[in-house]
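The values are calculated or read from the model by the stated rules, or taken from the named source; none is laboratory data. Quick caveat: nothing in here was measured; it's all calculated off a predicted structure. All Cβ positions, even for glycine, are placed from backbone atoms using ideal geometry, and neighbour counts span all protein chains on display. The protein model used for the area step is the full one, side chains on, heavy atoms only, and it has no ligands, DNA or RNA in it. Shrake-Rupley method; radii C 1.70, N 1.55, O 1.52, S 1.80 Å.
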Amino acid sequence: MTNLLEINNLSVDFPSRRGQVSAVNKVSLAVAKGEVLGLVGESGAGKSTVGNSVINLLEPPGIISGGEIIFDGTRIDQLSNEEMRKLRGTKIGTIFQDPQTSLNPLMTIGKQLSETLIETLKISGASAREKSIELLDSVGIPDPEPRLNAYPHQFSGGMRQRVVIALALAGDPDLIIADEPTTALDVSIQKQILDLMKSLCKQRNLGVIIVTHDIGVIAEIADRVAVMYNGQLVEQGEVTQVLQKPKHDYTKSLISAVPSGDQKLHRFTVVDYIDGSTEKVTLENVSDHWLSRNKPSNTHDIAVSVKNLSIEFSIRKALFRKNRISLKAVDDVSIEIKTGESFGLVGESGSGKSTLARLIAGLYTPKSGDINIFGHNVLQKTEKIKTSLIRRKMQMIFQDPYSSLNSRMTVEDIVSEPIRFHRSTRNQSETAVVVRDLISFVGMPSTSLRKYPHEFSGGQRQRISIARALASRPEILICDEPTSALDVSVQANILNLLKDLQEELSLTMLFISHDLPVIRQMCDRVAVMQNGRICEIAETDTLFDHPNHEYSKHLLGLMPRMDLFRL
Amino acid sequence: MAPLLLKGLMFYFILNRLAQALLVMAVVSAISFSLFNFVGDPVNNMVGQDATREQRIEIRQQLGLDDPILVQYQRFMLNVVKGDFGLSYRIKQPVSQLILERLPATLELVFASAVIAVFIGIVLGVYTGIRRYSWVSKIIMSVSLIGVSLPTFIIGIGLIYLFAVYLRWLPSSGRAGVIELGGWKTSLLTVDGWRSIILPAVTLSLFQLTMILRLVRAEMLEVMRSDYIKFARARGLANRAIHFGHALRNTLVPVITIIGLNIGGLIAYSVITETVFQWPGTGLMFIQAVDFVDVPIMAAYLIFVALLFVVINLIVDILYFIVDPRIRRGGS
């Protein structure tokens, strides 16, 4: 079997003022027709750069500084822009990560398809229309003809990714490069898209390179896998061999860091291969610290109690009531979170889990229902002072560590702001000591206090968010997908930190995630949400081993096949 | 079903905007009415120094200036709705007739400069957005800074010096070659007319041109970084299709907003340009009215400019609907 694409000793450099940054260093890969190659690695490993060099669309100022790329027997890394453009679409198709942004929002699907077909296949408008319908049908879009006139925003995320795949296939390419094609999608839709890609690969005898950080995706779809770390290829081989008997230390620790949905472990396994990833967190004497002082002895067994809570968002405004459309984001939900427990909330995007968390945190006002925190009804209009005192005991950690920190404040200002606002220290020098302690509790050096958020990586920023939340001395912590924007290795560290803090400070935690293995490791009890309603509330082990509700079973069935890569 | 829904939404949307427009017009008319009471005593301007006290009282009664203020306002509004803005204090002719006579000159000037500003602004904006690092772009961007920072009257005087005094290519002032065309006096049909409109139109357009140029460039740079442009490249589309089919249209929503506001601005700035070039339009008339405290003309001009702004903004809002399908969905 001859190789469709061969990459030999490829190096890519990004020249900058401070010297060259080598993003890819002497990487050699090969893909044959009908084969799916998984390219896996954490963020910054250079895996997307490899994909972009093949189609010669490197982000400036990146340049290919060495090696060769051979496609179908001809060398393509030295082609002119115009020759390369003719290759793109007709020989090599590309699929990008986010279907929300990959399509032109102002152009109908049909227009984008036929435009691509006319350009790549040199056919007439009428036959392009026919071919468009055929393509949409082949990627599993039902009733394609009327949908040609639809705009991208009229499709759901999964359907949009199908349209993107149809566009990538329009020029009948031999090779598909898919850069994180399912990262922005829900698990159930992820599986459909991966199945579709797999079957298209076999039907059309395509070579596929799938770039991803998610080992679950690799296990699902790839025939062979290449592992990248820090711009270098550390291991390459058959998928079963690499996942079950990894040779390189990095691969080993990467695989073991993937949280398991099968059994509950005390701590998450960290990727100890990466330097500095095992920042030791010392949580000694926390019980004597400022953090634990001033704590009212809480006699309430129930920290948060929510009864018949509902909220609606209007999707379409109109003059007349009958024309208005609203969405019940949270629909008659009742839950109770016991003091000191970790309560998990799981569901697909749009299930209302984040909305529920925001309702409890007081960021939205519900349409109906009651919220009691430590026995105090926080929705009542009287006793506002008491309500705000109670609210202070609750803090939130958001999903995106990039947008949840003010980029114009230093870390010290960010962490000390709640302390100064609540006047919870005696004087400024005590504030300074407390802030330094908080930042060391979350495993950051005290030198970081004078820096600004952009100087930190995603995981470090999430640590700062945690320190900021702790500065209000909370008793309840709401974590809204705190690690879903992070790499596996970083995720393990953050989750371990949260676990330790919870134990030491006996925090109550509401933990929201779409990631079932993470939920299994973190939570005592779990509620499953679908379409704004709670399907099932159960002890974590009970839910995972014997789910009752049909939807819970369905969700559990979508978990990546862990058995394939347990050591 | 889709077009029907679109029509319904559009109807509701336009109704909403019309209500807002009415409110704006009511406020503006109240302000222009208040001009009559706060900008000096009109009688002083109408009669000579030697008029007797009795003559003055008689004129006050003729003009109804002794009536309660609300009665005066009601009378003013009723007349305005009928298109009657009263007599000019100075020329003693109906104000609406004066404005209508001079309107073609201003509208033609504004139209010519809007075309120059929009066309050249978009073309240069797209060019500098795509060829960001070429030296032509750098020159265009530097020159455009001058356009933004120099005041209109200096540009006007500079152009007059260069093209009318030094090179003697174009006339320095006035509006020549006017032809009557079914009640509309146009100067766009004769060579002389074209020659006389070039300098004022270029002067008036320069500021707007550079604004549009810089905005289009900034938007193009933003859009060119987006994922759908990268995906369009990855599909092997030609540069022309990517730049004009995909990128330009996505820059249009903010650009339309600014163009809409700026055409209003053109009318406002035309006061200065018409003065510099002695262009016989409404702006020049307004300046002369200010000199003589001719309040009816000032009040009518104010209402007229506000009406133009409101109409242009309504058109801009409708254009959003046409350009961006996501706005058609209504709601969020």
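Over the range A:286-559, all Cα pairs binned in 5 Å intervals from 0 give whole-percent P(r) values of 1, 5, 12, 16, 17, 16, 14, 9, 5, 2, 1, 0, 0, listed from short to long. Pair-distance distribution P(r) for the range A:319-457, from all Cα-Cα distances in 10 Å bins starting at 0: 9, 28, 30, 24, 7, 2, 0 percent.
Looking at the protein assembly as shown, what % of its DSSP beta bridges pair antiparallel, to the nearest 5?
Values: 52 of 89 bridges.
So the antiparallel bridges in the protein assembly as shown amount to around 60 percent.
Peptide A:103-113 has a mean of 5 when you count, residue by residue, the C-beta atoms of other protein chains within 10 Å of its C-beta. Could you state the angle between the C-alpha long axis of helix A:125-138 and the longest principal axis of the C-alpha atoms of chain A, as a value from 0 to 90 degrees rounded to the nearest 10? With both axes taken from Cα atoms, the answer is about 50 degrees.
By the Stokes-Einstein formula, at 1.002 mPa s and 20 °C, chain A with its Kirkwood radius over alpha-carbon pairs has D equal to 83 µm²/s. What separates the Cα centres of the range A:76-121 and the range B:103-157 is a distance of 34 Å. Calculated accessible area for the range B:99-328 comes out at 45 Å² per residue, all protein chains present (probe 1.4 Å; ligands, DNA, RNA ignored). The alpha-carbon of A:Lys191 sits under 19 angstrom from the alpha-carbons of these lysines, leaving out residues fewer than 8 places away in its chain: A:Lys202, A:Lys553.
What is the helix-to-structure angle for A:488-505, meaning the angle in degrees between its Cα long axis and the longest Cα principal axis of chain A, kept from 0 to 90 and rounded to the nearest 10? Relative to chain A, helix A:488-505 is tipped by roughly 10 degrees.
Straight-line cross-link reach from A:Lys328 at under 13 Å between alpha-carbon atoms covers these aspartates and glutamates, not counting any fewer than eight positions away in the same chain: A:Glu312.
Quick test of the membrane-span-like rule: which DSSP H helices of chain B reach at least 24 Å along their long axis (C-alpha atoms) with mean Kyte hydropathy at least -1.0? If you can, show how the numbers build up before the last one.
Numbers: long enough: B:2-38 (54 Å, 1.57); B:95-130 (50 Å, 1.70); B:191-224 (44 Å, 1.05); B:249-276 (39 Å, 1.22); B:295-323 (42 Å, 2.61).
Result, helices passing both filters: B:2-38, B:95-130, B:191-224, B:249-276, B:295-323.
Taking Cα atoms of the range A:3-256, Rg/Rh with Kirkwood Rh, to two decimals? That ratio is 0.97, to two decimals.
Relative to the longest principal axis of the Cα atoms of chain A, the long axis of helix A:157-169 makes an angle of roughly 20 degrees. Remark: the range A:286-559 carries 45 Å² of accessible area per residue (probe radius 1.4 Å; ligands, DNA and RNA excluded). Take every Cα pair under 8 Å whose residues are at least 6 apart in sequence, average their separation, divide by the length of chain B, and the relative contact order is 27 percent. Look at the stretch B:13-25: the mean tally of other chain Cβ atoms within 10 Å of its residues' Cβ atoms is 0.
Between the residues B:Ile69, A:Ile215, B:Val223, the greatest Cα displacement towards the positive end of the dipole of the protein assembly as shown, with unit charges on the Cβ of Lys, Arg, Asp and Glu, is found for B:Ile69. For the pair the range B:214-289 / the range B:17-33, the C-alpha centres are spaced 27 Å from each other.
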